[in-house]
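As structure tokens, the structure follows; a few thoughts come after it.
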Amino acid sequence: MGVLPWVWWYGLRRHSSYPLGSLTEAGTNTVFGFMRAYVLIALWEVRPSLGGYAVADAITFCFITQALIGPVQIFGGLDLAERIRNGDVAIDLYRPVGMQGWWLAEDLGRASASLLLRAGPPLIAGSLFFPFRWPGALNLAAFAVAVPLAVAVGFGMRYLVAMGMFWLHDDRGLNAVTLVMSLFFSGMILPLVVFPGALGTVARSLPWAAQIQVPADVFLGRHTGLGLAGALGFQAGWAAVLLGAGALATRAARRKLVVHGG
Amino acid sequence: MPVAMIEAVDVVKAFTVRTRSGLLRRARTPLRAVDGVSFAVEPGEFVGYLGPNGAGKSTTIKMLTGILTATAGTLRVCGLDPSRRRTSLARRIGVVFGQRTTLWWDLPLRDSLTLVRRLYRVESGAHRARLAELTALLELEPFLDTPVRQLSLGQRMRGDLAAALLHDPELLVLDEPTIGLDVVSKATVRDFLARVNAERGTTILLTTHDLGDIERLCRRVMIIDRGRLAYDGGLDELRRTVPADRVLVVELASPAAPITLDGIENVRVEGPRQWLRLPRSANAAAVVAELARGHDVRDFSLREPGIEDVLAGLYRGDHEYWCSGRPVAP
């Protein structure tokens with residue numbers, strides 16, 4: 001067995017080292033879930049069946065997205081960016097394994113820890129206090145595939161943003177732009193199914209949709225048969241494109257490399 | 001004839017530095033961080049690689065480890081081209097970046113060392129034996145199960161050294177491994193490195209600003225300045241061939257005006273004690289005799305230049321002067 005499964009395991013352990021902090025974050029996600037749920041209930045009372053969702057679908061969507069905030073790290077950020085800025089990336093570049101693979105394994109470990117510690121409370125609270133739609137066995141199994149793919153897509157984008165540090169030396173601007181894009185186009189503000197016309201079509205085609213909207217729709221059972229395979233394929237496709245771009249960016253960074261900090 | 005552990009021939013690393021020259025304009029200035037460096041390090045050597053800040057030491061180390069690619073010249077480490085065979089090379093060398101850590105911050109030291117085993121695919125039995133050996137030599141046992149973030153700097157450095165040596169590398173490259181350590185931790189690290197070099201025959205290239213490291217460990221030093229190798233030879237030879245001033249400390253019977261003698265600089269006066277800098281050409285006995293004629297001298301001592309004086313003279317930048325110590329072939 002190679003080293004990457006171990007990197008995943010140590011990533012999981014590292015990110016579960018502070019369970020109290022994670023549970024506090026889960027509490028925050030749950031409270032915000034309640035606030036969002038009431039906004040959506042108000043909206044669906046005015047426009048029932050908006051975007052093809054019943055009110056229970058909208059509420060379930062809301063709590064699924066709250067549960068996924070941590071695992072897909074929708075607010076962005078990757079420790080690698082800081083390591084590039086302060087020169088610690090020299091350690092990453094020196095290891096006898098690919099840098100992107102190492103960071104992906106570590107991030108999957110982080111996501112696993114987040115799933116274990118942060119995903120449960122919003123889902124349980126949502127299902128106890130609101131009408132909630134649990135998936136069937138097939139959709140639950142598909143959801144178990146969709147979540148790691150969502151994490152991989154999120155990682156792919158965050159890795160590219162971090163790699164930008166090799167050229168920009170400061171990732172604040174890039175982070176601010178990607179945060180806005182991420183919140184708007186992933187479905188965190190409103191389900192993408194309610195976006196009208198061309199905007200909706202574009203939004204549902206972008207990689208951010210693979211992070212939140214697609215796994216939520218898989219959980220809700222809105223994809224079946226070939227549609228389900230297509231939804232997972234959409235995620236896998238974006239993951240492949242982004243990781244491919246990440247590999248090219250890594251190669252380009254190695255070529256132009258100036259390791260900051262001596 | 002054995003293959004050199006490190007062989008560098010006319011190695012150059014050039015960067016382009018961009019500086020703001022107007023509202024939207026950037027000026028591009030070429031910079032040769034390493035400018036035609038050539039040297040060879042044989043198996044089993046312990047070599048100090050010295051130079052002032054910004055001289056090109058870290059850039060050289062990053063080229064040796066394959067992190068940076070040389071702009072020109074030929075570089076071979078363990079017989080491999082570092083930038084092309086980075087992965088293969090990493091399995092044969094160990095690197096410690098003193099100001100950075102390879103250890104996992106939130107996990108116990110033991111876990112980081114286990115991960116190193118997976119990273120370098122060390123066989124389980126060999127890993128156990130090596131870990132036991134390094135644990136004993138570096139006295140790791142008391143903090144093996146402590147999260148790295150809770151370790152002192154000295155403990156963390158010992159952990160990093162263990163991580164760099166667990167796969168039994170042929171070459172150990174150390175970039176300021178004793179920076180920030182207290183005297184006890186420094187002594188532990190130095191003793192350990194001396195043993196690794198002497199008993200296992202591990203070749204060691206050491207970059208440091210700590211002159212204690214150099215005097216205790218390095219039989220050979222290479223000095224780089226402004227990207228060029230300015231000295232390559234023995235430490236004793238460096239002391240002999242590079243002139244540095246001696247200091248005569250004179251204690252008079254009572255405080256007096258600063259002593260003035262031809263060709264001798266009075267560098268400090270403190271009550272009855274005065275410090276006189278003697279050029280290499282000055283005869284100390286004659287100076288003392290002259291002093292005794294005109295002053296009531298109670299005591300005196302002559303301080304020979306230490307390696308820090310020699311290097312301080314070199315780093316001040318008189319290039320011709322210090323190349324004259326032992327010229328390095330251009």
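Details
- Residue check, A:A90 touching a strand residue (DSSP E or B) at 6+ places or on another chain (Cβ under 8 Å), modelled with pLDDT under 95 and buried (at least 19 other Cβ atoms within 10 Å of the Cβ): yes
- Enumerated strands (runs of 3 or more DSSP E) restricted to region B:1-59, each holding at least 2 residues that are surrounded by fewer than 20 Cβ atoms within 10 Å (Cβ to Cβ) and at pLDDT below 85: B:6-20, B:26-41
- In region B:89-112, the residues that are charged (D, E, K, R), within 9 Å of chain A (Cβ to nearest Cβ) and not in a helix (DSSP H, G or I): B:R91, B:R100, B:D106
- The number of residues in region B:272-300 that are part of a helix (DSSP H, G or I) and within 12 Å of B:V250 (Cβ to Cβ) comes to 7.
- Residue satisfying all of: in region A:12-22; farther than 14 Å from B:T114 by Cβ and surrounded by 14 or more Cβ atoms within 10 Å (Cβ to Cβ); nearest to the other protein chains (Cβ to nearest Cβ) among these: A:S17
- Restricted to region B:251-281, and to residues there that are crowded, with 18+ Cβ neighbours inside 10 Å and within 34 Å of the chain's Cα centre (by Cα), the residue that is farthest from B:A40 (Cα to Cα) is B:Q274.
- Scanning region B:68-88 for residues that are of a type in the set (A, V, I, L, M, F, W, C) and in contact with a helix residue (DSSP H, G or I) (Cβ under 9 Å, 6 or more places away or on another chain) gives B:L68, B:A70, B:L75, B:V77, B:C78, B:L80.
- Number of the exception - A:R95 against (1) under 30 Å from B:I93 (Cβ atoms); (2) within 14 Å of another protein chain (Cβ to nearest Cβ); (3) touching a residue at least 60 places away in the same chain (Cβ under 8 Å): (3)
- Search result, residues across region B:27-64 that are touching a Lys or Arg at 6+ places or on another chain (Cβ under 7 Å), within 13 Å of chain A (Cβ to nearest Cβ) and over 23 Å from B:R86 (Cβ atoms): B:G51, B:A55
- Tally of residues being in contact (Cβ under 8 Å) with a residue 60 or more places away in the chain and either crowded, with 16+ Cβ neighbours inside 10 Å or hydroxyl-bearing (S, T, Y) (or both) across region B:60-84: 10
- Test: residue in region B:39-49 that is touching a helix residue (DSSP H, G or I) at 6+ places or on another chain (Cβ under 8 Å) and hydroxyl-bearing (S, T, Y): yes
- Residue satisfying condition, being within 18 Å of B:T203 (Cβ to Cβ), charged (D, E, K, R) and more than 18 Å from the chain's Cα centre (by Cα), within set B:E45, B:E7: B:E7
- Looking across region A:66-88, the residues that are assigned to a loop (DSSP other than H, G, I, E, B) and of a type outside the set (V, I, T) come down to A:Q73, A:F75, A:G76, A:G77, A:L78, A:G87, A:D88.
The values are calculated or read from the model by the stated rules, or taken from the named source; none is laboratory data. Source: prediction; values computed, not measured. Cβ coordinates were reconstructed from backbone atoms using ideal geometry, including for glycine residues, and neighbour counts include every protein chain displayed.
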